[in-house]
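The values are calculated or read from the model by the stated rules, or taken from the named source; none is laboratory data. Keep in mind that what you see is a predicted model, and the values were worked out from it rather than measured. Don't worry about glycine lacking a Cβ; one is built from the backbone with ideal geometry, like all the others, and counts go over all protein chains shown. Protein only, heavy atoms only, side chains kept; ligands, DNA and RNA dropped before computing areas. Shrake-Rupley method; radii C 1.70, N 1.55, O 1.52, S 1.80 Å.
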Amino acid sequence: MAFQLPPLPWSSDALEPYISAKTMSFHYGKHHMAYVNKLNAAIENTPLAEMSLEQIITETANDASKAGIFNNAAQVWNHTFFWRSMKPGGGGEPTGELAEKIVAAFGSIDAFKEEFATKAATLFGSGWTWLVDSKGSLEIVQTTNAGNPLTEGMTPLLTLDVWEHAYYLDYQNRRPDFIKTYLDELVDWEFAAKNL
Ligand code: MN
């Protein structure tokens, strides 16, 4: 069965003024949609068409001959996860077990935010910055292009898309401003806690 573009968890103007409806119309309506369509076209009438998205990602991750399929499958997964990593009225601070694990791993919530922001800002070119659970301890991971920590056996808790298409209409070249806004105004800590 072909993959579908999953519905957004909020309306396309819900993250304004931080992420505009115009950005969402391109990022979700064009980019995310295109990854879904290209994935479906690439796996049609192949054994991959019977697999889950996660299975396709892990199955094709280390196969250079299937790089195109991996890239589109991972981009479908990554974007779906990115939308769910944000909510209107997000930001603030994590609580409970998640907060304890962040403090244990990074020293403090502020230190976590600083390291996340630095890693997101210094990722060269296109990619993603993730908070992951790696064998019980939390880490911040950068992946380039469509890379996804599932292929390294890690559990993603949150992600931030730092491809230029994620922020250029609203922030132009100011990626650090976009990162700060994500952390201060958008990140959904309840979603991250559920993934723990
Ligand atoms: Mn994107």
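Some points to look at:
- If you go through the stretch 129-182 and pick out every residue that is away from the ligand (no atom under 12 Å from the Cβ), aromatic (Phe, Trp, Tyr) and closer than 27 Å to residue 67 by Cα, you end up with 1.
- Residue in the stretch 185-194 that is among the β-branched types (Val, Ile, Thr), away from the ligand (no atom under 16 Å from the Cβ), under 17 Å from residue 80 (Cα atoms) and buried (at least 21 other Cβ atoms within 10 Å of the Cβ) present: yes
- Highlighted here would be helices (runs of 4 or more DSSP H) found entirely within the stretch 34-127 that include at least 3 residues which are touching a Pro at 6+ places or on another chain (Cβ under 9 Å), assigned by TED's automatic domain parsing to the domain that holds residue 175 and surrounded by fewer than 16 Cβ atoms within 10 Å (Cβ to Cβ), but there are none.
- Filtering the stretch 174-193 to residues that are of a type in the set (D, E, K, R) and in contact with a Gly (Cβ under 7 Å, 6 or more places away or on another chain) leaves 184, 185, 188.
- Single residue of the stretch 163-188 satisfying the filter (in contact (Cβ under 8 Å) with a residue 40 or more places away in the chain and over 14 Å from the mean Cα position of the chain (by Cα)) that is nearest to residue 118 (Cα to Cα): 176
- Scanning the stretch 156-182 for residues that are open to solvent by 50 Å² or more (accessible area, probe 1.4 Å) and either touching a Ser or Thr at 6+ places or on another chain (Cβ under 8 Å) or not assigned by TED's automatic domain parsing to the domain that holds residue 121 (or both) returns 163, 164, 169.
- In the stretch 14-35, the residues that are free of Cβ contacts under 8 Å to residues at least 60 places away in the same chain and either within 15 Å of the ligand (Cβ to nearest atom) or aromatic (Phe, Trp, Tyr) (or both): 24, 25, 28, 29, 30, 32, 33, 34, 35
- Count of residues meeting criterion [under 30 Å from residue 43 (Cα atoms) and loosely packed, with under 11 Cβ neighbours inside 10 Å] in the stretch 1-17: 3
- Matching residues, the stretch 136-162, being touching a Gly at 6+ places or on another chain (Cβ under 8 Å) and either charged (D, E, K, R) or touching a residue at least 60 places away in the same chain (Cβ under 8 Å) (or both): 145, 147
- Hits in the stretch 67-79 - residues which are β-branched (Val, Ile, Thr) and within 11 Å of the ligand (Cβ to nearest atom): 76
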